[in-house]
Structure formats: C-alpha cells, structure tokens
Amino acid sequence: PEATKTVERSKVMNFTQSIHQEERVIVTQEQQVFIADIRDYLDKDFVLGRGDIVYEQLKKGYPSIKIKLINHPREGLSLVESGKAFAYIGSITDTGNNINRFSIKNLKIAGTLSDKYIDSWAFATRKSDHILSSIFSKIIDNADKSKIRKIISGQFLVKYEQGFDYTLFWQMLFIALA
C-alpha cells in the first residue's frame, strides 16, 4: 500500500523510493482571500483527517493551532461548507476528488502549506517481507514517473486561487510613473 515515510514508520516498514509528491492544500469557503501563510490564521478552526501525519507536524510547528480531527474528508469539507470550521487541510488529490465526488461548489483551495509538509508517497511493506519489498522497488525503479503523475493529477479539477505577484505590479507601476 501507499504510505508516507516517517521515522516511526521506518522502524517497522520498508519503503520504495517516492512515487509521487503532493501539496497539502487549505480549502475554505469561496469568499476567503488567498492564504499566503497559515501562521496568519492560527486562531481559526482547521479540520483534517484522523491519522494524517500532517497533524503531528502541524502541532509541532504551530503548537497553538486549533485542529479538529475527522474520519472522512467529506465530513471535514462539510464543516467548512457550513461555516463550523474555517478550513480543511488535505492532500490535493484526495481533496479534489472529494470536492468533485460530492459536487461541492462553494469551496475552493485558498492556499497550500509550505514545502516541508509535502506528502511524499511510496510503497511500504513489513520489514520482514524482503521479497515483496524488492518487487515493489523494482516496479517503481522501472515505472514511467510522468505517466504516474498524469494518472494521479488527471483525476480531478478544482478551483485553486493563487496569490497575486505584487513584485511585478510595483515594478510595472514604477515604470509607468517614471
């Protein structure tokens, strides 16, 4: 199965090289402005999936963050949709698939977590299962990575708001006024 490698998991599992990396996205109601830095919103209520490794990472990085754990992405997205939570945090693929599957129209991806929270997928096997580990490693070593990315990323379309590049704006304004 696919898993994200951590120090704890590495004690009991072998991992292949990474097969895919995904951003962690912040989903809010449509009217929310772009979220450039989660630190500006630590007083708000976030929801994320129970068992997601990003929970421990966020609590370690931002001890004051308010997080409610949910059992299914649909539950978290519903809490945001109804205004009972500020934002849902999840991987872009799972989040996008759930937004599409449940036809949620009034939510959007308003930002992403920093690169240190990127979810890096690999295949994992029990430490004792060397043969299966070897088979998975050979498959991944010989797989076409671009095809894997296309299959994973081609499964959904979501609204994604990007921040405005004020650097370019100020440069153009300066040139226009000069």
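Before moving on, here are some points about what is shown:
- Residues satisfying the stated conditions in region 46-58, i.e. open to solvent by less than 70 Å² (accessible area, probe 1.4 Å), part of a helix (DSSP H, G or I) and either of a type outside the set (Val, Ile, Thr) or farther than 15 Å from Gly90 by Cα (or both): Tyr55, Gln57, Leu58
- Every residue from region 62-76 that is in contact with a Lys or Arg (Cβ under 9 Å, 6 or more places away or on another chain) and of a type in the set (S, T, N, Q): Asn71
- One residue alone among Thr125, Thr95 is crowded, with 20+ Cβ neighbours inside 10 Å, within 25 Å of Gln31 (Cα to Cα) and of a type in the set (S, T, N, Q), and that residue is Thr95.
- Members of region 19-33 found to be touching a Ser or Thr at 6+ places or on another chain (Cβ under 7 Å), assigned to a strand (DSSP E or B) and open to solvent by 30 Å² or more (accessible area, probe 1.4 Å), listed by number: Gln21
- Subset of region 108-122 (residues that are in a strand (DSSP E or B) and of a type in the set (Ser, Thr, Tyr)): Thr112, Ser120
- Among the candidates Ala3, Ala87, Ala36, the residue that is within 16 Å of the chain's Cα centre (by Cα), open to solvent by 40 Å² or more (accessible area, probe 1.4 Å) and not aromatic (Phe, Trp, Tyr) is uniquely Ala36.
- Within region 1-15, the set of residues being modelled with pLDDT of 90 or more and assigned to a loop (DSSP other than H, G, I, E, B) comprises Lys11, Val12.
The values are calculated or read from the model by the stated rules, or taken from the named source; none is laboratory data. Everything quoted here is computed from the prediction, not taken from an experiment. Note: ideal-geometry Cβ built from the backbone for every residue, glycine included; neighbour counts use all protein chains shown. Ligands, DNA and RNA are stripped out before the accessible areas are found, and what is left, the full protein with its side chains, is counted by its heavy atoms. Shrake-Rupley method; radii C 1.70, N 1.55, O 1.52, S 1.80 Å.
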